[in-house]
Each structure stands twice: as structure tokens, then as C-alpha cells.
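Some notes on the structure that comes next.
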Amino acid sequence: MNCKPISFHLRENPAGNLSFLEGEHDLPFEIKRAYYIYDVPADGRRGFHAHKELQQCLICIHGSCKILVDDGKEQRVYELNNPNEGLYIGPVTWREMFDFSDGAVLLALVSQYYTEEDYIRDYAQFKEYVNGGSDK
């Protein structure tokens, strides 16, 4: 599975904690884009795609959510509930985000600028791609 939890640098202070990470040092890629997901309804689900090349790190900077990852052979669910930890997701990994707590904010740091051609949005096509099918 091309996916792993990552803990970030933490500087604790009575005036408030500070966490940080650096692309190409703490992540295996240069950060080229960041986006965040918020105001997800209680029963909302996001994602439902994989990327051919893009790498990303997901961080729930407020609240909690769960991430289902699937490499075409195995599935795992990770819970993100600490702003000092993230989940690295490598290429060719299906992802679904769900079970967002009220007020949750999920930050994504990614290795590429947006390009629709990098997305696989159909699960059957993803399985075909993983097994050496089209576009590989």
C-alpha cells in the first residue's frame, strides 16, 4: 500500500502549539498546490478517485474524518484527528473521505498543479489501470 501516516514537527508552548512540515524534507515531494475541504454534511463523502502520478498529504487541521485508501488489492481506513499528523497517499491509490466531524477542516498538500488528465474517477477503470490496463 502506497500510503502511510506521518507525524509533523511539534513545538509545544503554553501560549499555543505550533506544528510544521516542509516539502521535500518531511514529505517525499515538493508542495505545488494546497486546498482544503470543509462544511461537509454529517453523511457526506468526498474523494472517489485516484491519481496516476500525484502524491498528497492529508491533514485534518480541525476536527476529525476518516480516509479509506485502496490500492486495488487491499483497503485500509485511517482516522485523522490530530493536526500534528497527516496521511501520505501516493500515486495509484483510490481514496474516499468520510465521517467528517462537525466543523472538520481537511487540508491537502499536493505534488502537482491541477490537471484533469491525472485523475481516475471511475472505480472499474481504476481497477483496470492497477492491473496493467489502459493508460499505464
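Brief remarks on what is shown
- Set side by side, the residues VAL77, VAL69 differ, and just one is open to solvent by 80 Å² or more (accessible area, probe 1.4 Å), under 24 Å from ILE120 (Cα atoms), among the β-branched types (Val, Ile, Thr) and not in a loop (DSSP other than H, G, I, E, B), which is VAL77.
- Filter result for the condition that a residue is open to solvent by less than 90 Å² (accessible area, probe 1.4 Å), out of contact with any Ser or Thr (no Cβ under 7 Å at 6 or more places or on another chain) and either in contact (Cβ under 8 Å) with a residue 60 or more places away in the chain or among the small types (Gly, Ala, Ser) (or both), over PHE29, PHE48, PHE20: PHE48
- Residue count for region 60-82, restricted to those that are in contact with a Phe, Trp or Tyr (Cβ under 8 Å, 6 or more places away or on another chain), free of Cβ contacts under 8 Å to residues at least 60 places away in the same chain and aliphatic (A, V, I, L, M): 3
- Total residues in region 39-62, condition in a strand (DSSP E or B) and of a type outside the set (A, V, I, L, M, F, W, C): 6
- Among the residues here, PHE8 qualifies as closer than 17 Å to LEU80 by Cβ, of a type outside the set (S, T, N, Q) and touching a strand residue (DSSP E or B) at 6+ places or on another chain (Cβ under 9 Å).
- For region 1-14, the tally of residues that are within 18 Å of ILE61 (Cα to Cα), among the hydrophobic types (A, V, I, L, M, F, W, C) and either open to solvent by 100 Å² or more (accessible area, probe 1.4 Å) or assigned to a strand (DSSP E or B) (or both) stands at 2.
- Failed condition for CYS60, given (1) under 27 Å from GLY132 (Cα atoms); (2) open to solvent by less than 80 Å² (accessible area, probe 1.4 Å); (3) out of contact with any His (no Cβ under 9 Å at 6 or more places or on another chain): (1)
- Criterion: at pLDDT 95 or above and over 25 Å from HIS9 (Cβ atoms) - qualifying residue of GLY86, GLY47, GLY90: GLY47
- Any hit, region 16-31, residues being among the polar types (S, T, N, Q) and farther than 23 Å from TYR114 by Cβ: yes
- Boolean, TYR36 is assigned to a strand (DSSP E or B) and either small (Gly, Ala, Ser) or open to solvent by 30 Å² or more (accessible area, probe 1.4 Å) (or both): yes
The values are calculated or read from the model by the stated rules, or taken from the named source; none is laboratory data. Given the structure is predicted, the values throughout are model-derived calculations rather than measurements. Methodologically, a virtual Cβ is constructed for each residue, glycine included, from the backbone with ideal geometry; neighbour enumeration extends over all protein chains shown. Surface areas here come from the heavy atoms of the whole protein model, side chains and all, with no ligands, DNA or RNA. Shrake-Rupley method; radii C 1.70, N 1.55, O 1.52, S 1.80 Å.
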